[in-house]
Amino acid sequence: MIAINVDMDKCQHYGQCVFEAPDIFKLNDDDKLEFVATADDSRRSDIESAVDVCPMQAISIVE
Amino acid sequence: MSKSVVIVGASMGGLRAAEALRNNGFAGRITMIGEEAHLPYNRPPLSKEVLAKEVTHEAVAFKLRSQVEDVTWHLGDPATSLDLDKKVVTTASGKSFEYDGLVIASGLRPRVLDLPNGKISGRHTVRTLDDAIGLRAELVPGTKVVVAGAGFIGCEVAATARGLGCEVTNVAIDPYPMIRPLGEQLAAELQRRHESHGVNFKLNHGISDLIGTEKISGVVLDSGEVIQADVLVEAISSHCNVEWLSETKLDISNGVLADSALRAVTTDGASVEGVYVVGDLARFANPLFDNEPRRIEHWNIPTETGKRVGSVLSAYLADAENFAELVATPFMPLPSFWSDQYDMKIQGFGMPGLADRYELVAGELSDELVMGYFRGEILIGVVGIGMTSEVMKYRKELIS
Ligand SMILES: Cc1cc2nc3c(=O)[nH]c(=O)nc-3n(C[C@H](O)[C@H](O)[C@H](O)COP(=O)(O)OP(=O)(O)OC[C@H]3O[C@@H](n4cnc5c(N)ncnc54)[C@H](O)[C@@H]3O)c2cc1C
Ligand code: SF4
């Protein structure tokens, strides 16, 4: 399993991560980020892409 | 013997290329040559939140993934020449590095004004961490700051300096701030918002000289008007860091010309095998829009180009059967940008600067909004202030 962390002090709710891994990240009705905190190892590549595209560099994979 | 890759420019584009080489199975030696002494860090915060707080490498450093643990870092020693025939890069200290694959990732540096009384202190640019540390120290409440240039970085620095209690004048030769990506209507609205936060604009003007003996005390506009200043921040445009390529036959007329596989191209139009370009320097055609090669100075491009190079170059070095197929796969990354100014979250996709027409597609001009940019009937760009979900709807349309 992979543990995902988003630093909510940094996140500006840009939603770029949503395109890379929509099953993990989504914007709610108020345009605020929601995410699931764990994912299967098979999702690693898309989650790394989400880490890459986040303008605030707010997402980390907890190793 | 196992093959080796040299990457010149130890910033975002170079880092992403190194990661992608490893992710695509390249196991040989990777050497990163960097002019700056720092490990790769993220530049956008330097004009925004980090400039408003304490500027440290830790606050902006990219996390180094396990894939790139074994990369050799050769920092603080810029590349000074390239020999394409011998496949060797030489650095300022006289070291030479042989390669089988080369990634050109040396990016841009700010252009500064050439002024008669230019050799006085108080002049700043914002490209590197060290630049931001130096500027931050001067931005204390009451400081008179003149920002030259009203593009992304100029507008962000103006907003951040206002937030820190400085008096800010923005001087630019353009008629409105950020007019190129935004178009006149939204740019005029942006100006209004900056003015409501207390920024004073001198538009349609250039700077012709500085006043001061050791330290700057004023800025002279081309109209003759003098504006008091303790600090001048120059964010007018950039130079490409291509001097180290000047002895080669590569087309470096504007950045480095690249084919759709991001191989560097010579002035005769031939692609050079094994030599690739990423990031702000790469001038390539994007079939999403047209066949005109352009450089795109947005933050998602180092990642997109780095990934592309990682996949093509690793196949090349492995003599992989799918190399030709990879090269032929179209490369069409969607440019994306954002900017934080005051409480505004500006986010854009596509190439709004190429539009012949724009239209407010959601929200209101004086509030949160989404502007659509069209060439003929086709949507080629979208910019939003707030309204993230709406912006994302139009983003989908751009890639469909
Ligand atoms: C202050 C600032 C704010 C920004 N904000 C945004 C934003 O909000 N949104 C957005 O989309 N984009 C933004 N950008 C743009 C974005 O940061 C760039 O597109 C990105 O940094 C480009 O990465 P790069 O790796 O191509 O080049 P660079 O990051 O410029 O890296 C090039 C590296 O190569 C080094 N180098 C140069 N010459 C040599 C040599 N001869 N030998 C070895 N090394 C060399 C340089 O020192 C540098 O470290 C901003 C840029 C700046 C400066
Ligand atoms: S991309 Fe980053 S800033 Fe944007 S919503 Fe996702 S985590 Fe937050």
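Ignoring ligands, DNA and RNA, what accessible area per residue does chain B give at 1.4 Å, in Å²?
For chain B, the per-residue accessible area is 42 Å².
Please give the Cα centre distance for the stretch B:121-147 versus the stretch B:32-84, rounded to the nearest Å.
Using only Cα atoms to place each centre, the spacing works out to 20 Å.
For helix B:388-399, report the angle its Cα long axis makes with the longest principal axis of the Cα atoms of chain B; keep it between 0 and 90° and round to the nearest 10°.
40 degrees
Taking the Cα centre of each part, how many Å lie between the stretch B:216-241 and the stretch B:302-331?
What the calculation gives is 44 Å, centre to centre.
Tell me the Rg and the Dmax, in Å, that the Cα atoms of the stretch B:27-90 produce.
15.3, 48
Rounded to the nearest 10 Å², what accessible area does B:W73 have for a 1.4 Å probe in the complete protein model?
It works out to around 70 Å².
Grab every C-alpha pair in the protein assembly as shown, bin the distances at 10 angstrom width from 0 up to the longest one, and report whole percents.
4, 19, 29, 28, 16, 4, 0
Go ahead and run the numbers for FRET between B:L365 and B:D222, Cβ-Cβ distance against an R0 of 35 Å, rounding to 0.05.
So, using R0 = 35 Å, E works out to roughly 0.65.
Rank by packing, highest mean first: peptides B:185-195, B:276-286, with packing defined as the count of other Cβ atoms within 10 Å averaged across residues.
Packing proxy ranking, top to bottom: B:276-286, B:185-195.
Leaving out ligands, DNA and RNA, and with a 1.4 Å probe, what % of the accessible surface on the stretch B:112-236 is carbon or sulfur?
Carbon-and-sulfur percentage of accessible area, whole number: 50.
Ignoring any ligand, DNA or RNA, what whole percent of the accessible area of chain A comes from carbon and sulfur when the probe is 1.4 angstrom?
C and S fraction of accessible area: 46 percent.
Taking chain B as the reference, fit the longest principal axis to its C-alpha atoms, fit the long axis of helix B:129-138 to the helix C-alpha atoms, and give the angle between the two in degrees, 0 to 90, nearest 10.
With rounding to tens, the tilt is 10 degrees.
With a 10 Å cut-off between alpha carbons and a GNM built on chain B, which of B:L108, B:L84, B:L64 moves the most?
B:L64
Using only Cα atoms, find the angle between the long axis of helix B:184-196 and the longest principal axis of chain B, and express it within 0 to 90 degrees, rounded to the nearest 10.
That works out to roughly 60 degrees.
Taking a cut-off of 13 Å between Cα atoms, list the aspartates and glutamates near B:K249, but don't count ones fewer than 8 places away on the same chain.
Of all the aspartates and glutamates, those that pass the test against B:K249 - Cα under 13 Å, at least 8 places apart if same chain - are B:D83, B:D85, B:D268.
Multiply the residue separation of B:I120 and B:E243 by 0.36 nm, subtract the distance between their alpha-carbon atoms, and state the gained length in nm to one decimal.
So the extension gain works out to 41.6 nm.
Throw me the Rg/Rh for chain B, computed over C-alpha atoms with Kirkwood Rh, two decimals.
0.98
Round to the nearest 0.05 the FRET efficiency obtained for A:H13 and B:D83 when R0 = 56 Å and r is the Cβ-Cβ distance.
So, using R0 = 56 Å, E works out to roughly 0.70.
Can you give me the C-alpha center-to-center distance between the stretch A:4-63 and the stretch B:1-22, rounded to a whole angstrom?
A separation of 25 Å, based on Cα centres.
Check the straight Cα-Cα distances from B:K393 and name the aspartates and glutamates below 20 Å, setting aside those fewer than 8 residues away within the same chain.
Cross-link targets: A:E20, A:D23, A:D29, A:D30, A:D31, A:E34, B:E359, B:E364, B:D367, B:E368, B:E377.
With the solvent-accessible surface defined on protein heavy atoms using a 1.4 Å probe, which residues belonging to the stretch B:333-357 display a reduction of at least 50 Å² in accessible area in the multichain context relative to the isolated chain?
B:W338, B:K345
Stretched out fully, how many nm does the piece from B:S400 to B:L288 gain, at 0.36 nm a residue minus the Cα gap?
Working it through step by step, the gained length comes to 39.3 nm.
Chains A and B: how much accessible area gets covered up at their contact, both sides added, probe 1.4 Å, in Å² to the nearest hundred?
Counting protein atoms only, the buried area is about 1800 Å².
B:K53: which lysines have alpha carbons under 30 Å from its alpha carbon, excluding same-chain residues fewer than 8 sequence positions away?
Excluding near neighbours in sequence, the set is A:K10, A:K26, A:K32, B:K63, B:K119, B:K144, B:K202, B:K215, B:K345.
Describe numerically, in nm with one decimal, the distance between label points set 7 Å from Cα along Cα→Cβ at A:N5 and at B:A61.
1.5 nm
Going by a 1.4 Å probe on protein heavy atoms, which residues of the stretch A:18-41 end up with at least 20 Å² less accessible surface in the whole assembly than in their chain alone?
Hits at the 20 Å² cut-off: A:F19, A:L27, A:D31.
Amide H of B:I211 versus every other amide H placed in the peptide plane: which residues, excluding those fewer than 5 positions away on the same chain, fall under 5 Å?
Hits under the 5 Å cutoff: B:S217, B:G218, B:V219, B:V220.
Report the calculated FRET efficiency for B:R357 and B:S196 (r = Cβ-Cβ distance, R0 = 22 Å), to the nearest 0.05.
0.20
Can you show me the helix-derived [θ] at 222 nm for chain B, built from DSSP H runs with n ≥ 4 at -39,500 (n - 2.57) apiece and divided by the number of residues, rounded to the nearest 500.
One gets -7000 deg cm²/dmol as the mean residue ellipticity at 222 nm.
The values are calculated or read from the model by the stated rules, or taken from the named source; none is laboratory data. In this text, all values refer to a predicted model and were calculated from it rather than measured experimentally. Neighbour counts are summed over all protein chains in view; Cβ atoms, including those assigned to glycine, are modelled from backbone coordinates with ideal geometry. Heads up: the accessible areas ignore ligands, DNA and RNA and are worked out on the full protein's heavy atoms, side chains in. Shrake-Rupley method; radii C 1.70, N 1.55, O 1.52, S 1.80 Å.
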